[in-house]
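Colleague: Encoded as structure tokens, here's the structure I'll be asking about.
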Amino acid sequence: MSDSNFLISNLHSRLLIQAEISIYPMATRTTSASFYIAKAIESIQNTENLRFEINSMGTILESDSIDVINAASKKMMETVHNLGIVRVEVIIKIDSRRDKDLKMEEKIASIKKYIEL
């Protein structure tokens, strides 16, 4: 499955904000958190004006609205709580630019052009 299969696109305008969210359910019965993370991601799949891409360390959220990103982050956290996890650690890193309108794929391409293979 290619990375593009994990992109969901509902954006209507530019001047995008990207945020990386990592969710850590605490005190689960196993060391694996993948079930809880999958359910958290499912909870935001149909969010209007939000794109996301999962990676091995977190999920990148992209929108032209910080309110959409905040609401999606809250929904992901609440979803994990609603699965019976009483403590959830959430780390959010936000990149907001007003000088360029770059999508997450364009930011990656900008880095890759400097990598010598």
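Read the figures in this text as sums done on the coordinates, not as results from a lab. Source: prediction; values computed, not measured. For neighbour counting, all protein chains shown are included, and Cβ atoms are generated from backbone atoms with ideal geometry for every residue, glycine included.
Colleague: To the nearest 0.05, what FRET efficiency results for Asp64 and Lys93 with a Förster distance of 22 Å applied to their C-beta separation?
Modeller: Working: r = 18 Å, r/R0 = 0.82.
With a Förster radius of 22 Å, E is 0.75.
Colleague: Looking at the chain, identify the longest residue range that excludes and avoids all GluC sites (Glu not before Pro) in DSSP loops having at most 12 other Cβ atoms within 10 Å. List each step's numbers first, then the result.
Modeller: Details: sites that count: Glu48, Glu116.
My reading of the result: 49-115 is the longest stretch.
Colleague: Could I ask something else about it? What order do you get for Thr28, Thr59 when you list them from fewest to most C-beta neighbours inside 10 Å? Walk me through the intermediate numbers first.
Modeller: Working: Thr28 16, Thr59 21.
Final ranking by Cβ density, sparse to dense: Thr28, Thr59.
Colleague: Taking the chain, how many lysine pairs are there with alpha carbons less than 30 Å apart, if each pair must be eight or more places apart or span two chains?
Modeller: Eligible lysine pairs with Cα atoms under 30 Å apart amount to 21.
Colleague: Helix 66-82 sits at what angle to the longest principal axis of the chain, using alpha carbons and giving 0 to 90 degrees rounded to 10?
Modeller: 20 degrees
Colleague: Which Cα, out of His81, Ser110, Ile60, lies furthest along the positive dipole direction of region 3-112 (beta carbon charges, K/R +1, D/E -1)?
Modeller: Sorting the options by dipole projection puts first His81.
Colleague: Measure off 7 Å from each Cα along the Cα-to-Cβ vector at Lys74 and Thr30, then give the distance between these two points in nanometres to one decimal.
Modeller: 3.2 nm
Colleague: Please state the charge dipole magnitude for region 6-117, taken about the Cα centre, from unit charges on C-beta atoms (+1 on K and R, -1 on D and E), reported in debye and rounded to the nearest 20. Let's see the in-between values first.
Modeller: Numbers: 15 positive and 15 negative charges, 34 e Å.
With Lys and Arg at +1 and Asp and Glu at -1, about 160 debye.
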